[in-house]
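Enquirer: Have a look at this one before I ask anything.
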Amino acid sequence: MKKSLKRCISILLLCAMVFSSSSFTTLAYTGETDMTNMPAANKENDAAASSVGQSDTDVKSVDSTEAESTSVERFANWQDEKIIVTLQNDVTVIFEDGTEMSVEEFQNQGGELLEGEVTITRDELKAQNEAEKKAAEDAAKGETAEQPSAEDIAAATEGDVQAIGEDESAVQATEKNLEETASSVTATIKINGTEVKPGQPVNVKYGDVAVVLGWAFSNDTVIVKGDSFTYQLPVKINFTNDSGELKNGGTTVGTYKIENSMITLTYTSEKFCQESDRSGTLTFSGQLTKDATGGNNGGDASFEFPGVGSFPVTVDRENGNDGIRIAKSDASKVEGAGNEMKRSFILTVTATGEQNNVVITDTMGQYLQLDTSSVKFYSDADCSQQVTDGITQTSVSASGFEYKVAKMTDGQKLYVKYTVTLDKNAYKGSSDDDRRNTVKVTSTEDPNGGSDNKVVPVNKTWGYKDGAYDEQNNVINWSIFVNNNGDYLDISGTKVKDTLGDNQTFVEGSFKVQECAYPYERDQFVDSAIDMTWEKLSSADGYTFPNGSDKKYKITYQTRPTTSSDISKIEIKNTATVTPLGDGSPQDYDKTVGVGKDWTYITKSTVTSDNKSKEVEWKITVNVPKGGLNNLKVEDQLWDASGNDITYKEGSFVLDAAETTSAGIKNPPVISTDNEGRYNNGSDHSQNIWFDFGNAGEGKIVFTIKTVMNNEPVATTTYHNNADVYVDGTNKGHSYSEYTYNVDQYLSKGYEWGGPGWEQGVLNWVLFLNKLPETAENVTITDTIRVTQGQATVTYVDGSATAYEGGTQLSYPVAVAVNGATLTFTLSPELVAYAKTHEVKIKYQYQAAADNTNYNEFKNNAHITIDGKDGENKEATSNWTKQNVLDKSAEYTGKTAPDVKYTIKVNPQALDLVKDSDMLTLSDTLGSALAFQIGSLKLDGETVTSDKYDFDAGKRTLTMQVSDNAVHTVTYTARVELAAGDSFTEHNGLNSCKLSGVSASGNETSNELTGVVKSSSGTSTSSGVSIVIYKHAEDVYGDALGDAKFEIYSYKFDKTKNQLDAGTKKGEYITSNKSDESQTDLENKGYKTADGLLKDTVYKVVETEAPGGYNLNKTPQYVVFPGQDKIDWANITVKDAKGNDIELTVVDGNKTTITCSFANKKIPVEKEVVISKEDINGKEIAGAELKITKKDDTSFEAITWTSEEG
């Protein structure tokens, strides 16, 4: 690689500093010098540090003192070498090997402590010293033609500030403008799919912007690790902020960041910086919005890409919403006397984009009439600025209008205001269409245009009737309202008629008519002058309102009931009929008034107040009116909806003599039952008891009865009791009462969602004990589970039943008997006693299992039995869904390319997948376009070592063991070996994995890459194809080996002879020994990539030096990437220069990378073994025939010998 002037200058300057003095630090600056953060001594000698052009004899020595009293690292000159020492308390110098020396002695022996913060390691400093030494040797040999001038130095450093001295590297990382440093910058820009080129105007639309920025550096341009390059993007495009890696193939060589339209590229790989033909691309996106044109109307714009040029565009206006639209306001009442039936409308006509020949058509409904002189056009929403220019009336009549506007500009609005008159016949009863006003607008550009419509509402209540009974005066006060509320209306011709119902007569002199002026809501009535009388109102034709009847009218009068009753209320009805405008649909307004009062014949109530009594007393009261009641019977019906038996208690009838005042009754009454006292009707259980009192005189009959429960309910139950009274077989009344029997609930049931093992199918149930009764001795709980949905099976988890109080586990035992799906819990006497005064819960578990992935629902019922008495059933519900045991996903984007990051989720519910094994075998097979990256495999975030997995390179299959009953996440990286822009074909991007020996569903899964092969969002690369060398131990493919040396040779091919030439050495390559993931500048251990190779060129890869402890693999590998030379590489035999056939690997035509794997055998370690034959006393035996063989290795040559004494 050529050295640039800049690098040579830096090296020469460093050499000058090294050879001229070993006791000072030189700072070289160009441009303006910022002295703010310099040491005081340096500020005093700023002249010495302000220009690189001064000779070193002009530079003054800079003394330094160390203010720190603790131990610090310092640079020092010692025995003609720069080193790092530890300075302790300013008095002691400590060397790297631990040797200590006072500062005074150190200086007496020629040592010098240097200024400057120590920011590098000792190893890095040693490497730097070696580089400086070599540079000095090269300079001394005259390899540099001449010493550079100050002007050369200033030009080469391009204004950058560099500190060159014994405490800094020779060339520092800097930040530069990309377009000023790169030899070329290119930009491919597409806006909404349309390519834009510099200086060539093109029409585009607002929307997506895609950019591929490219750059290249000349081989003379020096780039060092850490160099940054900035590039300003045009701010009129809204670019998406982003960041990521710059990749050379699959190797990260730098980073990129896009922030606020500024790109920053930073190179982090020293190796890449030193290569030739360095170039890069960055793919990113943005949005072209109205910001570029000052609005959505489009227009000319230009976007400057520095170093590339100006990209002019004409942005089409956003015409997706172009057109003509119209909106109609609601109808508004027109103020002022005489305008009560008028309504006004305002139309808003809006043009988006230029619109020509705008036609506005307005159509009236049947009951609307246009005021033809009222149509006016305005330019403002307040309708104060009338316009007439360019507006032509095409037609106008009472039924509508049509106007034409010659032209409307983009965004222009016109307002059209007009009035209509509402025909009062619309109030007779009209449809919405009869009162609808419809408007439509069209234009030449938008022939469909738009439309709108509004219905003129009518609000009219024609009549209303009211009435109330005046018990004191025995009259009914009636009111009729006509033209009642709503819109103003002259109701001339409207008829009103009043019809009296039965059992009433008109009260003379009570008739009165009043009126209320509009607005009717005020209800300020005064006497009316209309000639309405009762006779006219009640006549067959009714009363007709005369002209000018535009008020609200109130008609009042009285009637007197002609009959009444003390034992039953009578209903008196009166009807007013209003016929709107004389010929509309008659509308009746009824009112019914009750006269007298209803007699209450029977009432029933519950006497028993205790809610735990099995015997309940009921009270029945019968009210006998004047005249008495004949053949009086009372029916009492006992309802029990729960199904538990209750019966009438024989002999419980008791007549309350103190409250009973009715004479002549039977005492006791005749008591009888239906169906022998028992009646069953479906799910209803009842018992009917009859009490026959005979004839009863005026007064009361009061008596009580009792019922009893034959079976005590297990749950709180409400019992209903009905009573009916009959007179001569006719039901005269009904009454109802109820009694609730409370049952203490000592058990409730629940489920612990998300409890231990829930995802694995463990169902966590809970029984809650609610303080057992003091008398409790023997307590059991019976629990039954059933699967109500799905195909899962459930099994009780032995030993899981445990008693708790709150979150504290209790020591009291709970015995469990299992009988299929039913559990019986027996509480120990100690737990029973404790549960009488404490809230106790019992947790227990079922294990659900399923072969298939499905949803399963479980219901669990339990009831408690206390001393033989069963409690109420309690139920809880749970569910569980079994998941696939494998799930595989891939991350393959511009940021990951050319790599694919795979993630495999294993056994997400931690199920026991293989009953007889603690381990599972996971295998994963990659498609032919994918290369597994050794060293990338991780299990649950931890790197998997080579002894923990196997990779079969021939089958492209990865195999590893994972533990059963546990959730695992497996990740690894594969590299796509196809060229960016090509397509995945024939499943070469397929990646599949499976769990061997697992019968559960979902034990196999796959992920396939399809479509176009992606390129990295950020690339920096030298041209050509690549060979990836991978070195590993012979027995373990994943046991990567670093520090193996290889050489690559390139060969020209003679098509006529199918023979290679003698070849040329391409370079030497050493496999990476990387062990720290933070070492981003290195490839994974065992790998080394050779970039910049050519197609149709045969390459030989041969190992020249094996890693320590391994034999050399002498077998070379020949590789060729087919190109455009149309050589049928796959079907010819290629010979080397000596005429020997070679084994040539032909890379698939669309691949740009191939991995060449080399295996090495370990060098056997020889050890001396002493073998002797001894008798039982330990004495050696001579003459024994001994033999050593190697088990299972027939190639091993046996060793035999005869033992000797001693």
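The values are calculated or read from the model by the stated rules, or taken from the named source; none is laboratory data. These numbers were taken from a predicted model, which means no experiment stands behind them. Cβ atoms come from the backbone with ideal geometry, glycine included; neighbour counts cover every protein chain shown.
Enquirer: Please verify whether the range 115-135 includes one or more residues that are among the small types (Gly, Ala, Ser), modelled with pLDDT of 50 or more, more than 58 Å from the chain's Cα centre (by Cα) and over 26 Å from Thr266 (Cα atoms). Outline the logic, then answer.
Expert: At the first step, the residues of the range 115-135 found to be among the small types (Gly, Ala, Ser) are 116, 127, 131, 135.
Imposing the further condition that a residue be modelled with pLDDT of 50 or more reduces the set to 116, 127, 131, 135.
Filter once more, so that each one left must be more than 58 Å from the chain's Cα centre (by Cα): 135.
Subsequent filtering for residues that are over 26 Å from Thr266 (Cα atoms) retains 135.
Yes - at least one qualifying residue is present in the range 115-135.
Enquirer: Kindly list the number of the only condition in (1) β-branched (Val, Ile, Thr); (2) in contact with a Gly (Cβ under 8 Å, 6 or more places away or on another chain); (3) closer than 30 Å to Asn425 by Cβ that fails for Val334.
Expert: It is condition (2) that Val334 fails.
Enquirer: Right, something else. On the given criteria, is Thr348 surrounded by fewer than 18 Cβ atoms within 10 Å (Cβ to Cβ), more than 41 Å from the chain's Cα centre (by Cα) and in a strand (DSSP E or B)? Spell out how you get there, then give the answer.
Expert: On the way: surrounded by fewer than 18 Cβ atoms within 10 Å (Cβ to Cβ): yes; more than 41 Å from the chain's Cα centre (by Cα): yes; in a strand (DSSP E or B): yes.
So Thr348 passes the test.
Enquirer: If you don't mind, there's one more thing I want to ask. Go through the residues of the range 187-203 one by one and say whether even a single one is farther than 30 Å from Gly294 by Cα, part of a loop (DSSP other than H, G, I, E, B), at pLDDT 90 or above and of a type outside the set (A, V, I, L, M).
Expert: If we filter the range 187-203 for residues that are farther than 30 Å from Gly294 by Cα, which is where we start, we get none.
Within the range 187-203, none of the residues are farther than 30 Å from Gly294 by Cα, part of a loop (DSSP other than H, G, I, E, B), at pLDDT 90 or above and of a type outside the set (A, V, I, L, M).
Enquirer: Here is a further query. Quick one: what pairs do we get from the range 747-764, first residue closer than 16 Å to Ile781 by Cβ and touching a residue at least 12 places away in the same chain (Cβ under 8 Å), second among the aromatic types (Phe, Trp, Tyr) and buried (at least 17 other Cβ atoms within 10 Å of the Cβ), C-beta under 8 Å, 6+ apart or different chains?
Expert: Every condition considered, the pairs that remain are Lys749/Trp765; Gly750/Trp765; Tyr751/Trp765.
Enquirer: Turning to a different aspect of this structure: Looking only at strands (runs of 3 or more DSSP E) that lie completely in the range 519-636, which have at least 3 residues being within 30 Å of Glu340 (Cα to Cα) and out of contact with any helix residue (DSSP H, G or I) (no Cβ under 6 Å at 6 or more places or on another chain)?
Expert: On the way: elements: 552-561, 570-579, 587-595, 602-606, 615-624.
Once the strands (runs of 3 or more DSSP E) in the range 519-636 are filtered for at least 3 residues that are within 30 Å of Glu340 (Cα to Cα) and out of contact with any helix residue (DSSP H, G or I) (no Cβ under 6 Å at 6 or more places or on another chain), what remains is 552-561, 570-579, 587-595.
Enquirer: State all residues of the range 1011-1035 that are surrounded by fewer than 16 Cβ atoms within 10 Å (Cβ to Cβ) and either of a type in the set (Lys, Arg) or at pLDDT 85 or above (or both); if no residue qualifies, say none. It would help to see each step written out before you state the result.
Expert: Step one: filter the range 1011-1035 for residues surrounded by fewer than 16 Cβ atoms within 10 Å (Cβ to Cβ), giving 1011-1012, 1023-1024, 1034-1035.
Matches in the range 1011-1035: Glu1034 only.
Enquirer: If you take the residues of the range 895-937 that are in contact (Cβ under 8 Å) with a residue 12 or more places away in the chain and of a type in the set (Lys, Arg), which of them is nearest to Ile1154 (Cα to Cα)?
Expert: Lys901
Okay, residues lined up against (1) under 22 Å from Asn574 (Cβ atoms); (2) crowded, with 19+ Cβ neighbours inside 10 Å:
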position	(1), (2)
Asp490	no, no
Lys497	yes, yes
Leu500	yes, no
Phe506	yes, no
Met532	yes, yes
Ser538	yes, no
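Enquirer: Taking the range 865-883 as the region of interest, how many residues are assigned to a loop (DSSP other than H, G, I, E, B) and at pLDDT 85 or above? Don't jump to the end; show me each part of the working.
Expert: Initial filter on the range 865-883 (assigned to a loop (DSSP other than H, G, I, E, B)): 867-868, 871-873, 882-883.
Narrowing further to those that are at pLDDT 85 or above: 867-868, 871-873.
Selection size over the range 865-883: 5.
Enquirer: Let me ask another. Report the residue count in the range 783-815 for those that are assigned to a strand (DSSP E or B) and surrounded by fewer than 18 Cβ atoms within 10 Å (Cβ to Cβ). Explain how you work it out, then say what you get.
Expert: So in the range 783-815, the residues assigned to a strand (DSSP E or B) come out as 783-789, 793-796, 802-805, 808-809, 814-815.
The next check asks that each one be surrounded by fewer than 18 Cβ atoms within 10 Å (Cβ to Cβ); those that pass are 784, 786-789, 793, 795, 802, 804-805, 808-809, 815.
Here the count works out to 13.
Enquirer: Looking at the range 1181-1203, which of the residues that are among the β-branched types (Val, Ile, Thr) and at pLDDT 80 or above is farthest from Pro1164 (Cα to Cα)? Even if it seems obvious, please write down each step before you answer.
Expert: Restricting attention to the range 1181-1203, the residues satisfying the condition of being among the β-branched types (Val, Ile, Thr) are 1181, 1188-1189, 1194, 1199-1200, 1202.
Retained after the next criterion (residues that are at pLDDT 80 or above): 1188-1189, 1199-1200, 1202.
Details: Ile1188: 17, Thr1189: 17, Ile1199: 18, Thr1200: 21, Thr1202: 26 Å.
Of everything passing the filter in the range 1181-1203, Thr1202 is farthest from Pro1164 (Cα to Cα).
Enquirer: Something else: Output the residues belonging to the range 913-945 that are in a strand (DSSP E or B), of a type in the set (Val, Ile, Thr) and either surrounded by fewer than 15 Cβ atoms within 10 Å (Cβ to Cβ) or at pLDDT below 85 (or both). Step through it out loud before you land on a result.
Expert: First pass over the range 913-945, keeping only residues in a strand (DSSP E or B): 919-926, 930-932, 938-939, 942-943.
Next, only the ones that are of a type in the set (Val, Ile, Thr) stay: 921, 925, 943.
Matches in the range 913-945: Thr943 only.
Enquirer: Collect the residues in the range 659-672 that are touching a residue at least 40 places away in the same chain (Cβ under 8 Å) and either among the small types (Gly, Ala, Ser) or exposed (fewer than 14 other Cβ atoms within 10 Å of the Cβ) (or both), keeping them in residue-number order.
Expert: Taking the range 659-672 and keeping what is touching a residue at least 40 places away in the same chain (Cβ under 8 Å), we get 659-660, 662.
Across the range 659-672, the qualifying residues are Glu659, Ser662.
Enquirer: Run down Thr893, Thr865, Thr837, Thr903 and say which single residue is outside the structural domain of Ser936 (by TED's automatic domain parsing), of a type outside the set (A, V, I, L, M), surrounded by fewer than 19 Cβ atoms within 10 Å (Cβ to Cβ) and in contact with a Lys or Arg (Cβ under 8 Å, 6 or more places away or on another chain). Don't jump to the end; show me each part of the working.
Expert: Working: Thr893 fails: outside the structural domain of Ser936 (by TED's automatic domain parsing); Thr865 fails: in contact with a Lys or Arg (Cβ under 8 Å, 6 or more places away or on another chain); Thr903 fails: outside the structural domain of Ser936 (by TED's automatic domain parsing).
Criteria check complete, one pass: Thr837.
Enquirer: Further question: For Asn852, are the conditions met, namely being at negative phi, in the same structural domain as Asn770 (by TED's automatic domain parsing), surrounded by fewer than 18 Cβ atoms within 10 Å (Cβ to Cβ) and in a loop (DSSP other than H, G, I, E, B)? Step through it out loud before you land on a result.
Expert: Working: at negative phi: yes; in the same structural domain as Asn770 (by TED's automatic domain parsing): yes; surrounded by fewer than 18 Cβ atoms within 10 Å (Cβ to Cβ): yes; in a loop (DSSP other than H, G, I, E, B): yes.
Judged against the criteria, Asn852 is a match.
Enquirer: Return yes when Val359 is surrounded by 13 or more Cβ atoms within 10 Å (Cβ to Cβ), touching a strand residue (DSSP E or B) at 6+ places or on another chain (Cβ under 6 Å) and free of Cβ contacts under 8 Å to residues at least 40 places away in the same chain and no when it is not. Can you show your working first?
Expert: Working: surrounded by 13 or more Cβ atoms within 10 Å (Cβ to Cβ): yes; touching a strand residue (DSSP E or B) at 6+ places or on another chain (Cβ under 6 Å): yes; free of Cβ contacts under 8 Å to residues at least 40 places away in the same chain: no.
So Val359 fails the test.
Enquirer: For Lys1114, are the conditions met, namely being touching a strand residue (DSSP E or B) at 6+ places or on another chain (Cβ under 8 Å), under 30 Å from Lys1095 (Cβ atoms) and not in a strand (DSSP E or B)? Don't jump to the end; show me each part of the working.
Expert: Numbers: touching a strand residue (DSSP E or B) at 6+ places or on another chain (Cβ under 8 Å): yes; under 30 Å from Lys1095 (Cβ atoms): yes; not in a strand (DSSP E or B): yes.
So Lys1114 fits the description; yes.
Enquirer: Taking the range 565-604, which residues are of a type in the set (Gly, Ala, Ser), surrounded by 15 or more Cβ atoms within 10 Å (Cβ to Cβ) and at negative phi? Can you show your working first?
Expert: Restricting attention to the range 565-604, the residues satisfying the condition of being of a type in the set (Gly, Ala, Ser) are 565, 568, 576, 582, 584-585, 594, 596.
Among the residues that remain, those that are also surrounded by 15 or more Cβ atoms within 10 Å (Cβ to Cβ) are: 576, 584, 596.
Selection gives Ala576, Gly584.
Enquirer: Would you please name the residue that is surrounded by the most Cβ atoms within 10 Å (Cβ to Cβ), looking only at residues in the range 362-410 that are touching a strand residue (DSSP E or B) at 6+ places or on another chain (Cβ under 8 Å), outside any strand (DSSP E or B) and small (Gly, Ala, Ser)?
Expert: Taking the range 362-410 first, the residues touching a strand residue (DSSP E or B) at 6+ places or on another chain (Cβ under 8 Å) are 362-365, 367-372, 374-381, 383-388, 390-410.
Then drop every residue that is not outside any strand (DSSP E or B), which leaves 364-365, 367, 371-372, 374-375, 379-381, 383-385, 387-388, 390, 398-399, 409-410.
Checking the rest, the ones that are also small (Gly, Ala, Ser) come to 365, 374, 379, 381, 384, 390, 398-399.
On the way: Gly365: 24, Ser374: 15, Ser379: 13, Ala381: 11, Ser384: 9, Gly390: 12, Ala398: 13, Ser399: 14.
Among them, the one singled out is Gly365.
Enquirer: Then there is this: Among the residues of the range 249-259, is there at least one that is within 22 Å of Val204 (Cβ to Cβ) and polar (S, T, N, Q)? So that I can check it myself, show each step before the final result.
Expert: Here is the first cut: in the range 249-259, the residues within 22 Å of Val204 (Cβ to Cβ) are 258.
Those still in the list that are polar (S, T, N, Q) too: none.
No, the range 249-259 contains no residue that is within 22 Å of Val204 (Cβ to Cβ) and polar (S, T, N, Q).
Enquirer: Considering Ala1159, Ala1184, which residue is surrounded by 10 or more Cβ atoms within 10 Å (Cβ to Cβ), small (Gly, Ala, Ser) and more than 60 Å from the chain's Cα centre (by Cα)?
Expert: Details: Ala1159 fails: more than 60 Å from the chain's Cα centre (by Cα).
When all the criteria are applied, what remains is Ala1184.
Enquirer: Would you say Ile480 is modelled with pLDDT under 95 and surrounded by 17 or more Cβ atoms within 10 Å (Cβ to Cβ)? Show your work before the answer.
Expert: On the way: modelled with pLDDT under 95: no; surrounded by 17 or more Cβ atoms within 10 Å (Cβ to Cβ): yes.
For Ile480, the condition - modelled with pLDDT under 95 and surrounded by 17 or more Cβ atoms within 10 Å (Cβ to Cβ) - is not met.
Enquirer: While we're looking at this one, here's another question. What number of residues within the range 1168-1203 satisfy the criterion of being touching a residue at least 24 places away in the same chain (Cβ under 8 Å) and of a type in the set (D, E, K, R)?
Expert: So the answer is 2.
Quick grid of which residues meet (1) surrounded by fewer than 17 Cβ atoms within 10 Å (Cβ to Cβ); (2) not in a loop (DSSP other than H, G, I, E, B):
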| residue | (1), (2) |
| --- | --- |
| Tyr256 | no, yes |
| Lys271 | yes, yes |
| Thr281 | no, yes |
| Gly295 | yes, no |
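Enquirer: Also: Only one residue in Asp466, Asp446 is farther than 29 Å from Lys342 by Cβ, of a type in the set (Asp, Glu) and not assigned by TED's automatic domain parsing to the domain that holds Leu368, so which one is that?
Expert: On the way: Asp446 fails: not assigned by TED's automatic domain parsing to the domain that holds Leu368.
Result: Asp466 is the single residue among Asp466, Asp446 that is farther than 29 Å from Lys342 by Cβ, of a type in the set (Asp, Glu) and not assigned by TED's automatic domain parsing to the domain that holds Leu368.
Enquirer: So, restricting to strands (runs of 3 or more DSSP E) that lie completely within the range 683-767, which ones have at least 2 residues that are of a type in the set (Lys, Arg)?
Expert: On the way: elements: 684-696, 699-709, 717-727, 730-741, 747-751.
Per the criteria, 699-709.
Enquirer: Are any of the residues in the range 1112-1123 closer than 19 Å to Thr945 by Cβ and in contact with a Leu (Cβ under 9 Å, 6 or more places away or on another chain)?
Expert: Residues of the range 1112-1123 closer than 19 Å to Thr945 by Cβ: none.
No; the residues of the range 1112-1123 include none that is closer than 19 Å to Thr945 by Cβ and in contact with a Leu (Cβ under 9 Å, 6 or more places away or on another chain).
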